[in-house]
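Shown below is the structure under consideration.
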Ligand SMILES: Nc1ncnc2c1ncn2[C@@H]1O[C@H](COP(=O)(O)OP(=O)(O)OP(=O)(O)O)[C@@H](O)[C@H]1O
């Protein structure tokens, strides 16, 4: 609810009109400092009294100014809030920032800056007026900080109502007066400034009530705390800080990737974004309809590989960013098949929610209930999709959400649960008229079928916009050729020939042109003309040619080995990791520059950015896996998985040891751990998290274990026996304990099916019980892997016996622990009320439990939540949850 002022028809009086948040008309808002006893209150305005107060002149000024700007309504804090109603006052303080943000105009009335005196006397020059402006009390008050920052349009007026300028034009003076950074005065998003920086903005400001200094920051941090006047400034700031820290922790846990950084990285790896090659979209009719028509909610950009979809979306993001400033929210996500972190439906939702919450932290309220109960697992356990889609749906329905733009690039690269995601987008894109979507993908019939169901959508096919794309590609080629000509010092003849060749053969495909330019960069100018024809039209033909070049290299075998490894790893690897995964001569592996050199020899298939190796494009990887697989994987894909697995184990065996980060204290918390430089785990991070996945893929692709790795005395047994606890510590340092649980389960399942090694199976089974039981302790304090875990494990635990030498010797009285693991494998949490019903599914793989009250989240591993599938005894709907493949009691030990 917001109460606005409106001039009565006789123009000398005002009336108050109440509006709901959703139907607010455009309005102006006043910012000023209060004068004791001179402000017009809510009751006075309603009674039509107080017209002789100076505060009334301010109301009149604001009304006239609003009318001058074509605004019928305006808001003044003195009389639009009924302060005698404490509930309303609380609500108003919580909404104040948003009200200023939504105002079409904010008028700052400076009662201590006068113009009249200057006009009446020659002594008052412009500089004295500027001095008065600089000294104005308005800049020293606490609440006026948000009144300066929240609105888009802030105009300053003198006591007489003369306009002095606006925030944009006066930014340099305001910066000097307040110390506020220029970017924030130019509309930069508040979340881009650190907590401490934002806190420092109030250092020179004052409020009448000391607690208000903290409360006036609620909007700046977009958090809410109950107002306790009388608690004192220190307590108010402490509570504010606590709330901010809580919010920060939740956002940190939500973080899986920062799409903002992904965008910068993608633009960088693709050679920088060229504005002239995407601006055609701004004149495109489909795009314009999507932007302007309220009913058009979903724009689907589709096109073949390398047609420029990703870069186009980067450009659209930039343009939206410029035009919406802070009036709307903008969240995006770039799916990348080559990176496990960002190729699933849950990571897309996580990334979008992360961006939305970072921009409007109050949206965290939709996460908080689930998060408070289950912590980080809410975002990454087996129920993550259910939880995240519920959170997302709630966010989209939030009444405080302004216009929101959501962009998802490369849906075809979402490898996990794409159908779920498409269904979700189809539903959600019709759910709110305030939310607009852009998605992009290749021309895949499956995606087309799924999106058919979405209403209010527009398809934008790059192939059907051939003219625009052709011009955009031409511009791109001209730019690239000019760049090449300057670097390589081409003659005019060569430059023209290159330009002509690229223009004739690109077939409107950016990527083809980009790759040829990259290759030309490696060729001497002298040879360029003769060798131009080596680059055939068509992407696949070009890749064949690049492979042909690579065959001629002295290091062809090593290059192929690197390409094979890169094609099967589950995420891009760093140079440090790569040299441990690939068998290369020591003199190369020991020198990062040499490794880079070898990567350069891999044609233009790979690129290196910030120390990590990437495929230049998904189509390059597809080519190696499909067209060139016989050559790149001569002994089959399985062998590459095997090689990565065995090299990973070798690296881990050499690098893992107790206390790799020199934490010393057994209780050292993971939140305080800082990665040392150099990082002892730099080369083994990938190996740590993925060796079992490669082992598993090796087995699923081949039918035997010819090397005996999974047999008694094989590499796996040796590793577990010698390094298990160090591996757990490393998993904790890599923040991957949850993955560790899944990995060890995977290993046990593999052994049950594929190996004939009962003793090894017992060991792995024990290792699984160990990690399940102690996961939380090790996850929070890495060195607990050697303390509580060992002491609180059963005396006959195989892991405990193997690592007895690591137990703390100073504990003289040890807890009495049984000799076997207890029947309780793990505790499933989540119900908020007593569980009244439990049932196994017929095939014994699922367990359903129900309670009378709705659970907010399930934490059990492999659990899956469904709503309303049961009834409580009283006949009212019960909350039920289903635990998948979960065994509660275990009797084999
Ligand atoms: N506006 C642009 N500015 C600079 N480079 C561009 C631009 N558009 C395309 N390119 C170049 O073309 C290449 C291919 O573009 P992009 O990756 O956007 O294609 P895509 O359609 O997303 O491909 P795919 O769907 O196969 O992933 C980029 O790597 C880049 O080198």
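The numbers here are math on the coordinates, done by the rules we state, and not lab data. Note that the coordinates shown come from a computational prediction; the quantities given were computed from them, not determined experimentally. A quick note on method: Cβ atoms are made from the backbone with ideal geometry, for glycine too, and the neighbour counts reach across all protein chains shown.
Quick one: the Cα spread of the chain along its three principal axes, in angstroms, biggest first?
Projected onto the principal axes, the Cα atoms of the chain cover 98, 86, 54 Å.
A further question on this structure: At 0.36 nm per residue, minus the direct Cα-Cα distance, what do residue 88 and residue 23 gain on full extension? Give it in nm, one decimal, please.
21.5 nm
Fewest first, what order do 324, 439 take by the number of other Cβ atoms within 10 Å?
324, 439
With everything on Cα atoms, drop me the angle between helix 510-520 and the longest principal axis of the chain, reported from 0 to 90° to the nearest 10.
60
For the chain, what does the relative contact order come out to in percent, with C-alpha contacts under 8 Å and a separation of six or more?
Once normalised by length, the contact order is 7 percent.
In angstroms, what radius of gyration and Dmax does the range 468-529 have, counting Cα atoms only?
Gyration radius and largest Cα-Cα distance of the range 468-529: 10.8, 35 Å.
Please pull out the direction-averaged projected area of the range 2-188, using the convex hull of its alpha-carbon atoms, in nm² to one decimal place. It would help to have the intermediate numbers written out before the result.
On the way: hull surface 45.2 nm².
It is 11.3 nm².
Order 540-548, 127-135 from most to least packed using the mean count of other Cβ atoms within 10 Å.
Highest to lowest by the protection proxy: 540-548, 127-135.
Using every alpha carbon pair in the range 538-634, what percent of pairs falls into each 5 Å bin from 0 up to the bin containing the largest distance?
For the range 538-634, the pair-distance distribution reads 2, 13, 28, 27, 19, 8, 2, 0.
Plugging the Kirkwood radius over Cα pairs into Stokes-Einstein for the range 255-461, at a temperature of 10 °C and a viscosity of 1.306 mPa s, what D comes out in µm²/s?
92
Separate question: Alpha carbon centre of the range 236-311 versus the range 441-464: separation in Å?
If you average the Cα positions of each part, the centres end up 20 Å apart.
Evaluate the range 649-821: find the radius of gyration of its Cα atoms, find its Kirkwood radius, and give the ratio Rg to Rh.
0.96
For the range 745-809, take the convex hull of the Cα atoms, compute a quarter of its surface area, and give me that in nm², please.
For the range 745-809, the mean projected area of the Cα convex hull comes to 4.5 nm².
Across 5 Å bins from the origin, how do the percents of Cα pairs in the range 177-326 run, short distances first?
All Cα pairs considered, the percentages come to 2, 7, 12, 14, 13, 13, 10, 9, 8, 6, 4, 1, 0.
Given the rule -39500 (n - 2.57) for each run of at least 4 DSSP H residues, summed and divided by the residues of the chain, what is its mean residue ellipticity at 222 nm, to the nearest 500 deg cm²/dmol? The partial results should precede the final answer.
Working: 40 runs with 427 residues, N = 893.
Helix contribution divided over all residues of the chain: -14500 deg cm²/dmol.
Turning to a different aspect of this structure: Could you list the square roots of 5 times each eigenvalue of the Cα gyration tensor of the range 2-75, that is, the equivalent ellipsoid semi-axes, sorted largest first and rounded to whole Å?
Three semi-axes, in Å: 20, 13, 13.
For each of 444, 143, count neighbouring Cβ atoms within 10 Å of the residue's Cβ, then give the residues from fewest to most.
444, 143
Another question, if that's okay. Can you give me the relative contact order of the range 538-634 as a percent, contacts being Cα pairs under 8 Å and 6 or more apart?
33
Mind running the shape call on the range 669-716? Use the C-alpha gyration tensor, a ≥ b ≥ c as the square roots of the eigenvalues: rounded below 1.5 for a/c, prolate if a/b tops b/c, oblate otherwise.
prolate
So how do 563-573, 644-654 stack up, highest first, on mean other-Cβ count within 10 Å?
563-573, 644-654
Moving on to the next point. Antiparallel DSSP bridges in the chain: what percent, to the nearest 5?
Beta bridges within the chain, antiparallel portion: roughly 50 percent.
In the range 343-496, if every C-alpha pair distance is counted and binned at 5 Å from zero, what percent goes to each bin?
2, 8, 15, 16, 14, 12, 9, 7, 6, 6, 4, 2, 1, 0
Could you work out how far the C-alpha centroid of the range 729-799 sits from that of the range 539-585, in angstrom?
Spelled out, the Cα-based centre of one part sits 35 Å from the other.
The range 472-577: percent of C-alpha pairs farther apart than 15 Å?
In whole percent, the share of Cα-Cα pairs in the range 472-577 beyond 15 Å is 66.
Residues of the range 706-738 with backbone nitrogen within less than 19 Å of a virtual label 7 Å along the Cα-to-Cβ line of residue 807, please, listed as ranges.
721-726
Give the angle, between 0 and 90 degrees and rounded to the nearest 10, that separates the Cα long axis of helix 737-754 from the longest principal axis of the Cα atoms of the chain.
Here the helix axis deviates by roughly 30 degrees.
So how many Å³ per residue does the convex hull of the Cα atoms of the range 311-431 work out to?
Numbers: hull volume 12.8 nm³, N = 121.
Looking at the range 311-431, the number lands at 105 Å³ per residue.
Kindly put 717, 759, 203 in sequence by how many other C-beta atoms sit within 10 Å of each C-beta, fewest to most. Please list the in-between numbers first.
Values: 717 18, 759 11, 203 8.
Lowest count first: 203, 759, 717.
Against the longest alpha carbon principal axis of the chain, how many degrees, from 0 to 90 and to the nearest 10, is the axis of helix 685-701 turned?
The two axes meet at around 50 degrees.
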